[in-house]
Amino acid sequence: NLETNQAVSVEVSVLGKNGNTSTITKRFDGMGTTFELIVLGLYADYENQLDIKLLDGSGSTLETQNILVQTAPLIADMPQITIDVPSNSDEPIYNFVNYFGFVDITNFRPQRPLIFDQFGEIRWYLDLSSHPTLFDLFYDNGMTRLLNGNLLFGDGQTGSIYEIDMLGRIADSWDLQGNGFHHHVIEKPNGNLLATINDATKETVEDVIIEIDRSSGQFINTWDLNNSLDNTRRAWPTDLANLEFDWFHANSVEYSSDDNEIIVSGRTQGIVKLSAQNEVSYILAPHREWNTSGNGTELSQFLLTPLDANDEPITDTDVLDGSENHPDFEWSWYQHSPILMPNGNLMVFDNGDNRNYTNFGPYSRAVEYEIDEMNKTIKQVWSYGKERGEETYARIVSKVSYIPENNSILFTPGSAVTGSSAAGKVVE
């Protein structure tokens, strides 16, 4: 809290342990004489130095003050972070992690996100254990950053979606009307929300997507995958779910603003693109056992045909089936996190579980596909991870992200990385 005897604007710097590339500077909006400033990025168990500048309307410094802030140690459930390849960036880098790996794996709630810098120092985390509403939080895929800087996530315990600020204070919430939340919620450009839910009226789970009007909280669209797909398909066996009721296991949704359609990843089926009317545009998956949808549509017509490096169709039936790979193309297996790239291509975290229908791995990939929806073709144009083998293999909770300012990919194998129990990796 800060009061001044004349109108000023305020800039606060948290001085870093590792020079300018670890210093956080925030200039707060507006001018005034009374301020409540949220200061983020302190180090734990450390006497932090804050530099506070008071500025006039032209941005000139009127006064500078230094304040020391002693912080408590990290709570026990925070991870140890190792930086294997140091960054050579001259700018601070902060990694937001939806952390899952608690010391007591039988009691891993509330889940706690954290931010660490490029030196492996945790600079922020959110412990909701004493929160009146979110004390038992299970956010599944985790939190995403909204355009306004707040955090968006669903809670499987309360069956609601929340927007909170960086101090954990609830700014808004949306009730799921008796349905269950799982895995993923995103913000559309118009502010509405797309969420994966368990429909309380169904015997199956994780196979319905909804759109929520941000202002009214009403469901304004529903995609029931039991209608648009075939809920009896069992081409991909798994020991991670009972396919009789968790046949699709929707683990991510992406919005295509070019055509107002959605792209949904189902771990045990593949990736499907759907119109606003729940009609299939394409299916990205091995061609085995695609029959008739719940609404009577023949699904094989939507399967994508892979192309080789020379843009020629791959006709090998074993490759189309998924039992063999082609030198220029591989399907994604038990994938997560489909994202649309600026060039219109689709990138996916290909976990590789049950790859070619044979048990685990032995590798995961970030893979970029070029899809021609008109001609129903797919071409693999870039991939990373196969060369790393088991080192970056992960069965579950994994993600890819695109960093436009660096033209780089964050390849993030999740919690089940072979050879390092309860550990994840971030590879840029």
* To do: Rounded to whole Hz and in sequence order, give me ³J(HN,Hα) for the range 240-249 from the Karplus expression 6.51 cos²θ - 1.76 cosθ + 1.60, θ = phi - 60°, writing x for Gly and Pro.
  => 9, 7, 8, 5, 5, 10, 10, 7, 10, 6
* Asked: Around Leu55, with a cut-off of 14 angstrom between Cβ atoms, what is the net charge of the other residues, counting Lys and Arg +1 and Asp and Glu -1?
  -> -2
* Structure fact -> Computed for the range 196-300: size of charge dipole around the Cα centre, +1 on C-beta of each Lys and Arg, -1 on C-beta of each Asp and Glu, debye to nearest 20, value 180 debye
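Count charges around Asp207 for me, please; just the other residues with Cβ under 10 Å from its Cβ, Lys/Arg as +1, Asp/Glu as -1.
Details: positive: Lys202; negative: Asp199, Glu206, Asp224, Asp246.
That sum, taken over residues with Cβ under 10 Å, equals -3.
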* Structure fact -> Diffing the range 171-186: the Karplus 3J(HN,Hα) column from phi (6.51, -1.76, 1.60, θ = phi - 60°), in whole Hz with x for Gly and Pro, holds 9, 6, 8, 9, 7, 8, 6, x, 8, x, 8, 8, 6, 8, 9, 9
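Can you give the charge dipole size of the chain about its Cα centre, rounded to the nearest 20 debye, using +1 on the beta carbon of Lys and Arg and -1 on the beta carbon of Asp and Glu? List each step's numbers first, then the result.
On the way: 26 positive and 63 negative charges, 140 e Å.
Roughly 680 debye, rounded to the nearest 20.
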* Structure fact -> Taking a crude spin-label model, label points 7 Å out from Cα along the C-beta direction, the Thr317 to Asn20 distance in nm is 6.5 nm
* Asked: When Cα extents along the principal axes in Å is calculated directly from the model, which label among (1) 64, 57, 53; (2) 75, 46, 45; (3) 58, 49, 44 fits?
  -> (2)
* Structure fact -> Residues whose modelled amide H sits under 5 Å from the amide H of Gln157, counting only those 5 or more places away in sequence or on another chain, are Phe138
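What does the extension gain come out to for Asn1 and Thr61, with contour length at 0.36 nm per residue minus their alpha carbon separation?
Working it through step by step, the gained length comes to 19.7 nm.
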* To do: Please turn the phi angles of the range 307-320 into ³J(HN,Hα) values with the Karplus equation 6.51 cos²θ - 1.76 cosθ + 1.60 (θ = phi - 60°), one per residue in order, whole Hz, x for glycine and proline.
  => 10, 8, 5, 9, 6, 9, x, 8, 10, 4, 5, 5, 5, 4
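If Thr268, Thr358, Thr201 are ordered by their accessible area, calculated over protein heavy atoms with a 1.4 Å probe, which sequence runs from highest to lowest? Show your work: numbers first, answer last.
Details: Thr268 5, Thr358 80, Thr201 120 Å².
Highest to lowest solvent-accessible surface, that is Thr201, Thr358, Thr268.
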* Might you tell me the accessible area per residue for the chain, computed with a 1.4 Å probe and given in Å²? => 46 Å²
* Taking amide H positions as placed 1.01 Å from N in the peptide plane, with prolines and chain starts having none, which residues 5 or more places from Ala423, or on another chain, fall under 5 Å of its amide H? -> Val417
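Once a ≥ b ≥ c are taken as the square roots of the eigenvalues of the Cα gyration tensor of the range 349-428, is the result rounded (a/c under 1.5), prolate (a/b larger than b/c) or oblate (a/b not larger than b/c)?
On the way: a/c = 2.49, a/b = 1.32, b/c = 1.89.
Taking the square roots of the gyration eigenvalues as a ≥ b ≥ c, the range 349-428 is oblate.
Would you please give the FRET efficiency between Glu298 and Thr144, computed as 1/(1 + (r/R0)^6) with r the Cβ-Cβ distance and R0 = 45 Å, to the nearest 0.05?
FRET efficiency, Glu298 to Thr144: 0.80.
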* Asked: Where the accessible area of the chain is counted over protein heavy atoms with a 1.4 Å probe, how much of it, in %, is carbon and sulfur?
  -> 46 percent
* To do: Calculate the spin-label point distance for Phe96 paired with Ser257, positioning each point 7 Å from the Cα along the beta-carbon direction, and give it in nanometres.
  => 1.7 nm
* **Approximate spin-label separation Glu36-Ser275, in nm, with each point projected 7 Å along Cα-to-Cβ** => 5.0 nm
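Considering only the other residues whose Cβ falls under 14 Å of the Cβ of Phe349, what net charge follows from Lys and Arg at +1 and Asp and Glu at -1?
Numbers: positive: Arg267, Arg355, Arg365, Lys386, Arg388, Arg395, Lys399, Lys425; negative: Glu254, Glu330, Asp350, Asp353, Glu368.
After counting each charged neighbour, the total is +3.
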* **Cα-centred dipole magnitude for the range 150-244, charges only on beta-carbon of K, R (+1) and D, E (-1), debye, nearest 20** => 120 debye
* Quick one: which residues, 5+ away or cross-chain, put their amide H under 5 Å from the amide H of Arg395? H built at 1.01 Å from N. => Ala416
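The values are calculated or read from the model by the stated rules, or taken from the named source; none is laboratory data. The model shown is predicted, which means the values in this text are computed figures rather than measured ones. So basically every Cβ, Gly included, is an ideal-geometry build from the backbone, and we count neighbours across all protein chains shown. What goes into the accessible areas is simple: the full protein's heavy atoms, side chains included, and nothing from ligands, DNA or RNA. Shrake-Rupley method; radii C 1.70, N 1.55, O 1.52, S 1.80 Å.
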